[in-house]
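The values are calculated or read from the model by the stated rules, or taken from the named source; none is laboratory data. Since this is a predicted model, take the numbers as computed values, not measurements. Methodologically, a virtual Cβ is constructed for each residue, glycine included, from the backbone with ideal geometry; neighbour enumeration extends over all protein chains shown.
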Amino acid sequence: MATKYTDAQIRKLFPTYFDAAATATRIDEDIIREILKMYSSKEGGSSYIANKLGFNPSVITRLLQQAKQKKILKEVKPGEFTETSQRKWTPENPRKIY
């Protein structure tokens with residue numbers, strides 16, 4: 001699982017987030033573990049994770065792409081996410097058509 005990496009392993013896998021030029025992103029090892037955990041548990045995609053953690057979605061997308069390229073994560077189809085799945089219309093929650 002992606003959350004079992006040590007701090008040193010995470011720094012080696014994602015070096016661009018820990019050099020001197022990356023101080024503006026404020027991503028550390030624990031946040032990377034949280035991002036990988038949320039994605040691998042199919043909680044949500046990059047936009048959902050970015051909104052929940054307060055980051056720019058492009059930063060999260062880039063991190064997830066690097067993790068997929070290094071075979072840390074498997075690709076999750078958008079319909080498989082639990083929190084961002086499509087809405088189900090019911091009589092109590094009708095679809096509004098204008």
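For the range 26-47, enumerate the residues that are within 13 Å of Leu63 (Cα to Cα) and acidic (Asp, Glu).
Correct list: Asp28, Glu29, Glu34.
Can you find a residue that is in a loop (DSSP other than H, G, I, E, B), modelled with pLDDT of 85 or more and under 12 Å from the mean Cα position of the chain (by Cα) anywhere in the range 75-95?
Looking for residues that are in a loop (DSSP other than H, G, I, E, B), modelled with pLDDT of 85 or more and under 12 Å from the mean Cα position of the chain (by Cα), one finds at least one in the range 75-95, hence yes.
I need the helices (runs of 4 or more DSSP H) fully contained in the range 12-72, keeping only those with at least 3 residues that are farther than 17 Å from Thr82 by Cβ.
Output list reads 29-40, 57-69.
Enumerate the pairs (first residue in the range 58-77 and among the β-branched types (Val, Ile, Thr); second residue anywhere and surrounded by fewer than 17 Cβ atoms within 10 Å (Cβ to Cβ) and not in a helix (DSSP H, G or I)) with beta-carbon separation below 7 Å, excluding pairs fewer than 6 apart on the same chain, so at least 6 apart or on different chains.
Here the result reads Val59/Thr25; Val76/Lys42, each pair linking the range 58-77 to a residue that is surrounded by fewer than 17 Cβ atoms within 10 Å (Cβ to Cβ) and not in a helix (DSSP H, G or I).
Tally time: how many residues in the range 40-71 are buried (at least 20 other Cβ atoms within 10 Å of the Cβ) and either of a type in the set (Phe, Trp, Tyr) or touching a His at 6+ places or on another chain (Cβ under 9 Å) (or both)?
Count: 0.
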